1. Rank the residues B:Met184, A:Met125, A:Met192 as a footprinting-exposure proxy: fewest other Cβ atoms within 10 Å of their Cβ go first.
2. Based on the mean of other beta carbon atoms within 10 Å per residue, what is the order of B:143-154, B:194-205, B:42-53, A:91-102, most packed first?
3. If you count, for every residue in A:164-176, the Cβ atoms of partner chains within 10 Å of its Cβ, what is the mean?
4. Roughly how crowded by other chains is peptide A:26-39, in terms of the mean Cβ count from those chains within 10 Å of each of its Cβ atoms?
5. If you find the alpha carbon centre of segment A:67-91 and of segment A:37-55, how far apart are they in angstrom?
6. Using the 10 angstrom Cβ neighbour count as an exposure proxy, how do B:Lys55, A:Lys141 rank, fewest first?
7. Can you list the lysines whose alpha carbon sits under 26 Å from that of A:Lys33, skipping same-chain ones fewer than 8 residues off?
8. Provide the net charge surrounding A:Gly227, with neighbours chosen by a C-beta distance below 12 Å and charges set as Lys +1, Arg +1, Asp -1, Glu -1.
Amino acid sequence: MSKKMIVSAIAMALLATNAFADGHCASGKTLEKGKFTIATGNPAYFPWVLDDAPESGQGFEAAVAYAVAEEMGFSKQDVIWVRSSFDEAIQPGVKNFDVNMQQYSITSERDQVVDFSVPYYTAPMAVLVGAGATNTSATIKALKGLKWGAVGSTTAVQKIGSSVQPDNAPLLYADNADVNAAITANQIDAAMFDLPTALFLSAVMIEGSKVIGQFPSSESDNADQFGMLMEEGNPLKSCVDEALNTITGNGILASIEAQWLQDTTGVPLIK
Amino acid sequence: MTRREHYEQQQRRKSLIIAAISTIFVVVAVIIFVPMTPGWEKVQKSFFNATVLAKTFPKLLDAFKVNIMIFAWSAPAIAVLGLMIALARDAKAPALFPLRIFGAAFTDIFRGVPVILTVYLIGFGIPGLGLPRPWNSPFIWGSLALILTYSAYVAEIFRAGIDSVHPSQRSAALSLGLSERQVMRDVILPQAVRNVVPSQMNMLIALQKDVSLLSFIGPVEIFRQAGVYKSLFANFTPYVGAAIIFLIVTIPATRYADYLMARQMRERR
């Protein structure tokens, strides 16, 4: 092949990719042209993101993010990661991300202020107990008598109030690490988390703790579905939804889930 | 009316009119121009949302009771401990020198560390040693963190009050045959405490706000409750609601402190 031909072949290839990108649903709708900016937590926790390094694509949410990006026509290099808190995500000003992915539960109240993609994971709520309460049986009656805790910004707070209705008012914390500290200090017996987070905390972070039960995910108030958060009215939503629907349909999402999230069927249902 | 009085009255009237005009101008400008900003509608929806405020305000008031409770038992403890630290730093007998060192170290440490760090370290650290319930309660240890920090500040104010009593009073009292202890208790302290009441009022106001820092170690007081609603509604209005409740308490308190301060100034003149 002559030099000329190689050059023209490369040019053709570039043109083709350009044409492809231009024709794609997401073109011109992202913050930065040709780039897809995704926000995650600071820090981002396992098993959602491995080692707080989403760029690696390791961890459930990181892997889903790259799968969605690829489906939307972005290469791995075109994905930019930023960090954001919950408050930054819902503040009324300009956002520094196209989508924000950190186990945001979709609720109708939140949906009025921001947009959510279709869900990429349905998380059952689970009960994590400290070393002193591992013998508690997985019944609502037994759970009522425990001293409860949760992260104040999560839907777990509502779940404790609606499903468990404990005898003592729960204590609420700013993040997982503080709940961890409270369980370790025996200030609370039990904490409510989504199941993957609970399994991780119990296995790695909190010595002697145990996930004693999960709430059946069929329960109407327990449809804790995680969605990608976007600015209200973001035109990108339809593209993100389309991409998520595609990877759900072709089984990619399920295989990512199988790879990164433990089999959760071993945890008994709470009666 | 003398010519001078007439002139002064005119001047007063003039400045009153100017003050009124400039105030009206500023208020009107805020009312007209802020809503003209492009983001106003969104800001209004997420910070000043009447529906969300109505839904959350009663619960916020309820949570504020927790603040009042923590404040109510912390404030007296702070007053007592603060006074003791001040007296320790003021101990004159050579044998009590260790007490002075302790007082100085105490104020240095607890004034130097941010309150939130003290709350974290004591609130999670001491219960972590393995205390049984209910003695590991975050209410106890969180309050202790507040008490220690605020005592350090309050002690310094008391010390300033003690120093503000002229040394001649001490000499005079001693020469009348009073013991050191009697001089402090009956002569110096009554004046010292009176002198610093307005400054201590400001500490009370600050404490009232800092009670919210206990939310970091578990207690669901007004700030945490507002945060829960913020997350639930994805709306910052509950924080504005909490701010309103704080202001309802702090504005009268600040005004009262100002009044005490002004009265003291008048008396000293």
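No lab work stands behind these numbers, since they all come straight from the coordinates. Everything numeric in this text was worked out from a predicted model, so none of it was measured. Cβ atoms come from the backbone with ideal geometry, glycine included; neighbour counts cover every protein chain shown.
1. Taking fewest neighbouring Cβ atoms as first place, the list is B:Met184, A:Met192, A:Met125.
2. Averaged packing, sorted descending, gives the order B:143-154, A:91-102, B:194-205, B:42-53.
3. Averaged over the peptide's residues, the number is 3.
4. 0
5. 11
6. In order of increasing Cβ crowding within 10 Å: A:Lys141, B:Lys55.
7. Candidates past the 8-residue exclusion: A:Lys76, A:Lys95, A:Lys237, B:Lys42.
8. Around A:Gly227, the charge tally is -3.
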